[in-house]
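Notes to accompany the following structure.
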Amino acid sequence: MTEPTYVRTTRASYDTVAADYAELLRTELGRRPLDRAMLAAFVELVQATDAGPVADIGCGPGRVTGHLQSLGLTARGIDLSPEMVAVARKTYPDLRFDVGSMNALDLDDGSLGGIVAWYSIIHTPPELLPEVFAEFHRVLAPGGHLLLAFKAGNEIRHLDHAYGHALALDVYWLEPERVAELLSRAGLLVDAKLVREAGWKDAGPQAFLMVRKPAHP
Ligand SMILES: C[S@@+](CC[C@H](N)C(=O)[O-])C[C@H]1O[C@@H](n2cnc3c(N)ncnc32)[C@H](O)[C@@H]1O
């Protein structure tokens, strides 16, 4: 099957910026107490459910994977970009990172207690998000949790330069209500929505959705 253009350009762009992205974002979470609060709540929910391990899907350099592990979860990372995965493996040699795509995860049905997708759905054209959310639903165990972070809005911004490099990336700013509707159509329940106003180096508001696969169909 031929790969969609956006997948190829996303992979190539993140391969190009991987090392600089990792360095520039290394301490970013430390500046964002509300973002960390959502991650901490996710950890607590996953631990209370005890439904299996957690995958950070679109993990990039693994900074969120490492953070989840430091909060007591068993976490692994999956990313489209081999260069990102190489950086993550080097930075967190004790954690597992694999190259893979959220569109077709190499994971068994119901095998995860939790998924974090931290700014990784932002390059998927919105009309293709139902496919991704169906995949998240498939791999989550009943009662498993999903935490999504994305840029809140309703526009496409094209990036031709970022993290010190020329690249070609479309970034989709998404309305939280629209994403919630797509999640619910995929059979997932939205437990909480946080929209945080723009903070340090943000170009606009940021959205965080805490989501759950029902324990009983
Ligand atoms: C903005 S970065 C965020 C990385 C990481 N979550 C973080 O917060 O540092 C987006 C990441 O999502 C990955 N990504 C984008 N589309 C993906 C897909 N379809 N499957 C897996 N990873 C994807 C990219 O390769 C990139 O590493």
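The values are calculated or read from the model by the stated rules, or taken from the named source; none is laboratory data. Note that this is a predicted model, so its numbers are computed, not measured. Using ideal geometry, Cβ is built from the backbone for each residue, glycine included, and neighbour counts are taken over all protein chains shown. SASA here: full protein model, heavy atoms, side chains in, ligands and nucleic acids out. Shrake-Rupley method; radii C 1.70, N 1.55, O 1.52, S 1.80 Å.
Considering amide H positions built from the backbone, and no H for Pro or chain starts, which residues 5 or more places from D98, or on another chain, come under 5 Å of its amide H?
Under 5 Å from the amide H of D98 lie the amide H atoms of G77, I78, D79, each far enough along the sequence or on another chain.
Under a crude label model (7 Å from the Cα following the beta-carbon direction), how far is L71 from R178 in nanometres?
2.8 nm
Report the gain in length on full extension from E44 to L159: 0.36 nm times residue separation, minus Cα-Cα distance, nm rounded to one decimal.
Computed gain between E44 and L159 is 37.8 nm.
Tell me which residues come under 5 Å, amide H to amide H, from G143 once H is placed; ignore anything under 5 positions away on its chain.
So G143 has HN proximity to K213, A215.
Please compute the contact order of the chain in relative form: average sequence separation of alpha-carbon pairs under 8 Å and at least six residues apart, divided by the residue count, as a percent.
20 percent
If you take the beta carbon distance between D98 and T5 as r and set R0 to 25 Å, what does 1/(1 + (r/R0)^6) give as a FRET efficiency, to the nearest 0.05?
E(calc), rounded to 0.05, equals 0.60.
Let me know the shape class of region 98-217, please: from the alpha-carbon gyration tensor, a ≥ b ≥ c as square roots of the eigenvalues, rounded when a/c is under 1.5, otherwise prolate if a/b is greater than b/c, or oblate.
prolate
What percent do you get for the relative contact order of region 119-217 when only Cα pairs under 8 Å and 6+ apart count?
35 percent
Counting pairs on different chains as well as pairs 8 or more places apart, how many Lys pairs in the chain have Cα atoms under 22 Å apart?
So the count works out to 4.
Take the solvent-accessible surface of the protein heavy atoms, probe 1.4 Å, and return the percent of it on the chain that carbon and sulfur atoms account for.
Reported share for carbon and sulfur atoms: 53 percent.
Check each of the trypsin sites (Lys or Arg not before Pro) in region 158-217 and keep only those in coil by DSSP with at most 15 other C-beta atoms within 10 angstrom; list them in order.
Passing both the DSSP loop test and the Cβ count: K201.
For the chain, what does the helix formula give at 222 nm: sum of -39500 (n - 2.57) over DSSP H segments with n ≥ 4, over the residue count, nearest 500 deg cm²/dmol?
That calculation yields -11000 deg cm²/dmol at 222 nm.
How many percent of Cα pairs in region 5-212 exceed 23 Å?
40 percent
Under the rule of at least 5 residues apart or a separate chain, name every residue whose amide H is placed under 5 Å from the amide H of L188.
none
Report for the chain the percent antiparallel among DSSP-assigned beta bridges with both residues inside it, nearest 5.
That works out to approximately 55 percent antiparallel.
How many Å² of accessible area per residue for the chain, probe 1.4 Å?
47 Å²
Using θ = phi - 60° and the Karplus form 6.51 cos²θ - 1.76 cosθ + 1.60, what ³J(HN,Hα) does each residue of region 142-147 get, whole Hz, x for Gly and Pro?
Karplus-based 3J(HN,Hα) across region 142-147 equals x, x, x, 10, 10, 10 Hz.
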